[in-house]
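Here the structure comes first, spelled out in structure tokens, and everything after it is commentary.
Values quoted throughout were computed directly from the atomic coordinates according to the rules given, and no laboratory measurement underlies them. Note that the structure is predicted; figures quoted are calculated from it, not measured. Here the Cβ positions follow ideal geometry from the backbone for every residue, glycine too, while neighbour counts run over all protein chains shown.
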Amino acid sequence: MWWLIFNQLVNSSFENGMTGWQLTTYPGCPIYYTFAEPRQSSNVSPSISPTHGNYFLHISTLDEDIDDVCATSNVDGNAYSEYDYAVVQQTFNANNCNQGITISWDFHYLTAEWSSANSPYDDLFRLKVNDAELVKYSNPRVITSPWPDYYQVDNVYTTVHGSSVPFQYYTYGKAIVGWKTISVNYPSGGTYTIKFENWDQGDPIVANGVLIDNVKVNCLTPVNTPEKPIVNFTKDNIYINYIPKDSEVEIYATDGKLIDKMIFESDGHYKVQFYKKGAYIVKIKNNNKVWTYKGVVR
């Protein structure tokens with residue numbers, strides 16, 4: 001598939017503060033237990049650079065206690081409660097995209113959550129378009145949630161300094177894989193609401209954070225699709241430029257260690273930045289088919 005460039009989003013790289021975007025939380029709960037603010041590379045230690053422009057969005061559940069009334073349960077199906085909830089959203093119109101739209105964005109997951117496996121602290125992140133779940137992730141350490149894990153963190157404290165809050169410590173740091181670029185298709189025209197959702201599961205005091213940048217919306221134009229996924233290993237990145245709907249993508253080191261896992265609810269594209277160069281294996285599973293690719297990130 002290919003896309004005719006079309007962007008109705010306002011402030012898609014967060015260069016103008018929160019213009020066009022709205023931060024909300026659970027109905028009736030105080031918003032000051034959550035946080036969203038554009039930041040620059042100089043505000044993050046160790047430094048993380050934006051993928052477009054000078055800013056990215058930092059969304060956090062903060063390390064603040066919140067009343068148990070402001071909680072929900074079983075968002076991901078593992079029966080534990082989700083406490084702090086930060087959602088950043090924007091609604092826009094794309095009536096002239098008759099075949100639907102493609103949404104792409106860059107994100108970088110941060111965590112301060114406990115490292116113990118099978119604990120109730122499997123923090124969550126999700127992208128929704130209207131009522132459709134298109135992307136979902138959980139904490140890289142806990143493995144309680146049925147949502148796919150954002151694998152491998154570097155055990156280095158990551159600090160994000162803010163203007164309206166002093167700073168946030170993310171105890172286990174950033175993932176070994178860096179920025180991810182995800183493109184997904186939503187096959188209908190009309191009015192859309194994009195939601196980036198962030199939950200603190202099992203406790204209300206240990207922050208869950210994510211960085212978002214370079215959000216784009218394009219008209220979708222169907223063309224002949226490839227017979228199988230296409231994977232390119234390049235400098236710094238692995239780029240999968242066609243993924244069939246309902247596919248599971250797994251990336252392994254050559255020793256068999258799982259580095260990354262992603263479930264695509266829609267057909268789309270996927271690019272993963274790697275801090276560590278070397279050989280990797282990509283497996284894409286779709287129904288009874290498994291495609292395996294090997295290559296080197298230089």
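Structural remarks
- Restricted to Cα atoms, region 246-298 shows a radius of gyration and a Dmax of 11.3, 32 angstrom.
- Residues 44, 10 in ascending order of nearby Cβ atoms (within 10 Å, fewest first): 10, 44.
- Backbone N atoms of region 35-49 closer than 12 Å to the 7 Å Cα→Cβ label point of residue 159 belong to residues 43-47.
- Out-of-range pairs (alpha-carbon distance over 22 Å; input 128/257; 180/277; 136/235): 128/257; 136/235
- Placed amide H near residue 123: partners under 5 Å, 5+ positions off or other chain: 139, 201
- Taking the charge dipole of region 225-298 about its Cα centre, with +1 at Lys and Arg Cβ atoms and -1 at Asp and Glu Cβ atoms, the residue from 231, 275, 242 reaching farthest to the positive side is 275.
- Neighbour counts of other Cβ atoms within 10 Å put 199, 291 in the fewest-to-most order 291, 199.
- Relative contact order of region 212-298, pairs being alpha-carbon contacts under 8 Å that are 6 or more residues apart, as %: 29 percent
- Taking other Cβ atoms within 10 Å as a rough exposure proxy, 133, 227 sort from fewest to most as 227, 133.
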